[in-house]
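The values are calculated or read from the model by the stated rules, or taken from the named source; none is laboratory data. The structure presented is a predicted model; accordingly, all values stated were derived computationally and were not measured. For neighbour counting, all protein chains shown are included, and Cβ atoms are generated from backbone atoms with ideal geometry for every residue, glycine included.
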Amino acid sequence: MKLILAIVSNDDSSSVSSALTKENFQVTRLATTGGFLRAGNTTLIVGTQDDKVEKCIEVIGSESKQRTEIVPSTASYDIGRYASFPVEVQVGGATIFVLDVEQFIKL
């Protein structure tokens, strides 16, 4: 048995969890924060059999695509002045961890 932790953008979390549920995966969603932009993410927890790991990863990948967004950035000039200018960054996609499960108990 495997435990899959998938960190996805909040923008993609609903579609990813819905697609996983349609494929009969049981999903737990956790609100998380982190990454370069300190933006909100969702961590999905999925427990599954070893032979279904690739299907789970495929579903996550199909629903969480990387995209480019323009975000404000601030630069400091030595005399205490700040200028704001837009910067293109890649957002979305997924970070996936697959862990071995020693024991699974459902009460």
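Here's the yes/no breakdown for (1) over 30 Å from Pro86 (Cα atoms); (2) touching a strand residue (DSSP E or B) at 6+ places or on another chain (Cβ under 8 Å):
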residue: Leu3; (1), (2): yes, yes
residue: Asp12; (1), (2): no, yes
residue: Ser15; (1), (2): no, no
residue: Leu20; (1), (2): yes, yes
residue: Asn24; (1), (2): yes, no
residue: Thr28; (1), (2): yes, yes
residue: Asp50; (1), (2): yes, yes
residue: Glu54; (1), (2): yes, no
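I'd like to verify a number: residues in the range 8-53 that are among the β-branched types (Val, Ile, Thr), closer than 22 Å to Phe104 by Cβ and assigned to a strand (DSSP E or B), how many?
The total comes to 6.
Restricting to the range 35-55, what's the tally of residues that are in contact (Cβ under 8 Å) with a residue 12 or more places away in the chain, surrounded by fewer than 13 Cβ atoms within 10 Å (Cβ to Cβ) and farther than 20 Å from Asp100 by Cβ?
Total meeting the criteria: 2.
Only one of (1) assigned to a strand (DSSP E or B); (2) modelled with pLDDT of 90 or more; (3) charged (D, E, K, R) fails for Glu88. Which number is that?
Exception for Glu88: condition (2).
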